[in-house]
1. Only residues that are under 23 Å from residue 314 (Cα atoms) and buried (at least 17 other Cβ atoms within 10 Å of the Cβ): list them for the range 17-55, please.
2. In the range 99-114, which residues are within 26 Å of residue 242 (Cβ to Cβ) and assigned to a helix (DSSP H, G or I)?
3. Specify the residue that is nearest to residue 320 (Cα to Cα); the eligible residues are those in the range 270-309 that are more than 15 Å from the chain's Cα centre (by Cα) and crowded, with 21+ Cβ neighbours inside 10 Å.
4. Which number in (1) modelled with pLDDT of 95 or more; (2) over 14 Å from residue 126 (Cα atoms) marks the one condition that residue 168 misses?
5. Where residues in the range 75-88 are in contact with a strand residue (DSSP E or B) (Cβ under 6 Å, 6 or more places away or on another chain) and touching a residue at least 40 places away in the same chain (Cβ under 8 Å), which of them is farthest from residue 125 (Cα to Cα)?
6. Just checking, does the range 215-235 include any residue being touching a residue at least 24 places away in the same chain (Cβ under 8 Å), over 21 Å from residue 328 (Cβ atoms), buried (at least 24 other Cβ atoms within 10 Å of the Cβ) and in contact with a helix residue (DSSP H, G or I) (Cβ under 8 Å, 6 or more places away or on another chain)?
7. Test each condition in (1) under 30 Å from residue 372 (Cα atoms); (2) modelled with pLDDT under 95 for residue 132 and report the one that comes out false.
8. Tell me, which residue of the range 115-124 that is in a loop (DSSP other than H, G, I, E, B) and crowded, with 24+ Cβ neighbours inside 10 Å is nearest to the chain's Cα centre (by Cα)?
């Protein structure tokens, strides 16, 4: 049995509570009076659901766009960042590389650590005008035969595409028919084109909102304006560079709770020292917070999820909003809200004990200790 004490964000704020885990499940969430001996945590600690990252291009030196990517190296390390489930993400790549990448990610089974929930394909059906760090030579027009090959070769959960491209509508319909979540991003779409894609079934309206897409203008609000409107989810990168913290607080005030999803957009450099790394065959340079191409183009983040949330909370974001956007909202988007993203009595114990500075001290995945120790005390 494991007993934890801290401020519980379930993700709603329950205040300071004692959480008891036994047999891999949450058995009680009770008042702090009379906490049992050996309880781990403290009144300044936080207890939150396991975090779910639906856009992780790589971490700990591994790039998931490499057909030989070692998922078993990444999954056991991610709980140290508070992440207990994730979608390995493949960026735009040559057509011949997808089969090997998808098969590798499908067959890689991590014996320990964070759950692999499937694969996110970011590209290659993206706008050349909004390619960001994606290799322009790897971009191409939407193709149904290629999509069907992906579905045969991999466990595809999300595909990000630009809805203004020719034949994008038929690809959206095909993916939706196979229960793949369609996201729109890396796009120069107008409001009306983005709206048509959402009405056709795109449910994650924005992959990293505002980044690599047509910006908002008061006379043509564009794709960014449509994603600010109700009725569609949008993901945002939470490193404090891709979006200003003030922008994230504004989004939290605008979007409904289940329509705001936090992602790291992490790269192979996440969890590693500053230096040069690979992303889909391209060289990127990490400064310890973000990575860039040598021309300065932003290429993704290297800030782990839990510390990123801590920075946002320190900057004024409501803690329960931050945790909801990084746990319950992505779980719901993937149709996994019955399994992931909440702390409730009877549920499997996927949770994180954070210290006062939002550093993970103990992470449980399915009731197993995946990071930290059940001895000691957090202050």
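1. Taking the range 17-55 and keeping what is under 23 Å from residue 314 (Cα atoms), we get 17, 41-53.
Passing the criteria: 17, 41, 42, 45, 46, 47, 48, 49, 50, 51, 52, 53.
2. Within the range 99-114, 101, 105 meet the criteria.
3. 290
4. Answer for residue 168: the failing condition is (2).
5. Looking at residues that are in contact with a strand residue (DSSP E or B) (Cβ under 6 Å, 6 or more places away or on another chain) and touching a residue at least 40 places away in the same chain (Cβ under 8 Å), I get 80.
6. Within the range 215-235, one or more residues are touching a residue at least 24 places away in the same chain (Cβ under 8 Å), over 21 Å from residue 328 (Cβ atoms), buried (at least 24 other Cβ atoms within 10 Å of the Cβ) and in contact with a helix residue (DSSP H, G or I) (Cβ under 8 Å, 6 or more places away or on another chain).
7. Answer for residue 132: the failing condition is (1).
8. In the first step, residues of the range 115-124 are kept if they are in a loop (DSSP other than H, G, I, E, B); the result is 117-118, 123-124.
Those still in the list that are crowded, with 24+ Cβ neighbours inside 10 Å too: 123-124.
Values: 123: 16, 124: 19 Å.
Among those residues, the one meeting the criterion is 123.
The values are calculated or read from the model by the stated rules, or taken from the named source; none is laboratory data. Computed from a predicted model, the values in this text were never measured in an experiment. Backbone-built Cβ (ideal geometry, glycine too); neighbour counts: all protein chains shown.
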